[in-house]
Amino acid sequence: MKKIITRFPPSPSGYLHIGGARTALFNWLYAKKTKGKFVLRIEDTDAARSTKESVDAILESLKWLGMDWDEGPYFQSERSGIHNEYIEKLVDCGHAYYCSCTQQEVDAMRKKAKANGQKPMYNGKCRNLGLKKADHTVVRLKTPDTGVTVVEDVVKGNTAFQNAQMDDFIIQRSNGSAMYNLAVVIDDLTMGINTIIRGDDHLINTPKQMMIYQALGADMPIFGHVPMVLGSDKSRLSKRHGAMSVGEYRKMGFLPDAMINYLVRLGWSHGDQEFFQRDDLIKKFDLEHLGRSASMFDTDKLLALNSKHIQKKSPSELADHLLYHLKELGIEAQNDAFTCGIIETLQPRAKTLVEMAEAAAFYYKETIEYDEKAANKFFTADSIEVLKQSASGINTIEAYTQENLETLFKQIMKNTGLKFGKIAQPLRVAVTGTTVSPGIFEMLLALGKGKTIQRLEAAVNFYMK
Ligand code: GLU
């Protein structure tokens, strides 16, 4: 079987958005699954709209999602030599021709066709004139006058386009630059692309592209056009539905694996399975189960998947992602035992990494700022005694374990005559600055012996001042 070669050809006029990431994913998965190749090509011929920032953002998002490419990035703008070579070939073999009609002439042809109840089109005037290349000439493809061009689509099934409805379209402008459809076909052809999965907004281009393949006598790639992603109101997903770019989802605290899992389900299914790990997905992905109907973007579903992926990861795997969010909060942390211990306490509940980072922040602080109300209420003569005894008690504990902490606190309860609740709250304020925190034992253990003693002593000093 021949090697599957897929591609992702974004136009760099913005960030990588949800729809684009999903298309990239389908192509990437299919290449991975078949041990084929995934090619990245930047379609930057529209110089006015393409930016370097956008290229960088797209590459960064793809890397973050873990979609590695085997070839590229190629830049379409650097390939005009190849495009023109093929245009000349098409002219030489009689499948394309130079046309000298002015815009006014073409407009008049269109008007006339319309007046006769036909589709407004170029009428083929220069088709058989054998014109030579000149300053103002464009190149047009000789398209078939009769019959149909059938797009055999692995997602949508067959769609037939009447050839009579297609005029001899331009493949090269008078300034010598290739038209979009020509550039796409030549790039795909010369890069060996044989499987093209893309949004169905491109279906309109496909018959034209097929005619170029046919004119070149080249093998037709497999096409699959996937329906657009919709927003909650069933209109095409756009900025007004909320975050659109992959980068924004990263900032919001989603894991790349959760994004991948969510994106693939926007248009592909495997029975009623919802949760997929990356490797499982590579094994199971196929083109047969790409759906024909549009899917709706649902942030709650994405959140639910995110928390599930958070729960399934090891603390150390999560730490790699959490560090980015801690940094956003101004915290320089490491992927070490301290961070992993903290993650373990937060993993069961966190829906996003932002939530997790916020909940983790107090562990890393050098000095704790106390919530005024909490400090007034819970730092009293009695409770400061508790904090003192806890600090010195913990200091003498050899193994810093929950069991030993429990024994110590029982002893302190006995010494002071206070109930556990009266002990736990001041401890909590001393250690976190507030009255809300994870369970007291898991928190103290995650914080570690040294830092716990330090914070208890700091609270005592604060009270004494
Ligand atoms: N550059 C096009 C886009 O970003 C993709 C073209 C294609 O997939 O053929 O929409």
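The values are calculated or read from the model by the stated rules, or taken from the named source; none is laboratory data. A quick note: this is a predicted structure, and the numbers were derived from the prediction, not measured. FYI the Cβ positions are ideal-geometry reconstructions off the backbone, even for glycines, and counts take in every protein chain you see. With ligands, DNA and RNA removed, areas are computed over all heavy atoms of the protein, side chains included. Shrake-Rupley method; radii C 1.70, N 1.55, O 1.52, S 1.80 Å.
When only the Cβ of Lys, Arg, Asp and Glu is charged (+1, +1, -1, -1), the dipole of the stretch 73-165 relative to its Cα centre reaches about 460 debye. Sort the stretch 96-202 into rounded, prolate or oblate with this rule: let a ≥ b ≥ c be the square roots of the eigenvalues of the Cα gyration tensor; rounded if a/c is under 1.5, and if a/c is not under 1.5, prolate when a/b is larger than b/c, oblate otherwise. In terms of gyration-tensor shape, oblate.
Give the shape of the stretch 365-422 as rounded, prolate or oblate, defined through the alpha-carbon gyration tensor: a ≥ b ≥ c are the square roots of its eigenvalues, a/c under 1.5 means rounded, and otherwise the shape is prolate if a/b is larger than b/c and oblate if not. Oblate. Here residue 133 is the anchor, and the lysines within straight C-alpha reach of less than 26 Å, apart from those fewer than 8 places off in the same chain, are 89, 125, 142, 208. The charge dipole of the stretch 108-266, taken about the Cα centre with unit charges on the Cβ atoms of Lys, Arg (+1) and Asp, Glu (-1), comes to about 820 debye, rounded to the nearest 20. Length gained on full extension, residue 134 to residue 334, computed as 0.36 nm times the residue gap minus the Cα-Cα distance: 65.5 nm. Please name whichever of 246, 267, 333 sits farthest to the positive end of the charge dipole of the chain, dipole taken about the Cα centre and charges placed at Cβ: Lys and Arg +1, Asp and Glu -1. The residue sitting most towards the positive pole is 267.
Note on the stretch 344-465: Rg/Rh from Cα positions, Kirkwood definition for Rh, rounded to two decimals, is 0.95. Distances between placed amide hydrogens fall under 5 Å for residue 11 paired with 43, all partners being 5 or more residues away or on another chain. Which of the chymotrypsin sites (Phe, Trp or Tyr not before Pro) found in the stretch 14-55 are loop residues per DSSP with 11 or fewer other Cβ atoms within 10 Å of their Cβ? Passing both the DSSP loop test and the Cβ count: no residue. Measuring nothing but protein heavy atoms, the accessible surface of the chain at 1.4 Å probe radius is 50 percent carbon and sulfur. Give the angle, between 0 and 90 degrees and rounded to the nearest 10, that separates the Cα long axis of helix 256-265 from the longest principal axis of the Cα atoms of the chain. Compared with the principal axis, the helix lies near 50 degrees. Counting only protein heavy atoms and using a 1.4 Å probe, the accessible area of residue 51 comes to about 60 Å².
Taking the chain, the Cys residues with no second Cys beta-carbon under 4.7 angstrom are 93, 101, 340. Ligands, DNA and RNA are left out, and with a 1.4 angstrom probe the accessible area of the chain is 49 Å² per residue.
Starting from the Cα gyration tensor of the chain, take the square roots of the eigenvalues, sort them a ≥ b ≥ c, and report rounded, prolate or oblate (rounded when a/c is under 1.5, otherwise prolate if a/b is larger than b/c, else oblate). Cα axes put the chain in the prolate bin. Computed from Cα atoms, the angle from the helix 80-92 axis to the main principal axis of the chain rounds to 30 degrees.
Just in the stretch 263-333: which chymotrypsin sites (Phe, Trp or Tyr not before Pro) are loop by DSSP and have at most 15 other Cβ atoms within 10 Å? Filter output for the stretch 263-333: 275.
The slack between residue 301 and residue 102, meaning 0.36 nm per residue of separation minus the straight C-alpha distance, is 66.2 nm. For the stretch 41-90, trypsin sites (Lys or Arg not before Pro) meeting the loop criterion (DSSP other than H, G, I, E, B) and having at most 14 other Cβ atoms within 10 Å: 49. Stretched out straight at 0.36 nm per residue, the stretch from residue 289 to residue 382 would grow longer than its current Cα-Cα span by 26.8 nm. In terms of distances greater than 18 angstrom between alpha carbons, the cross-link table entries 419/451; 32/283; 377/410 yield 419/451; 377/410.
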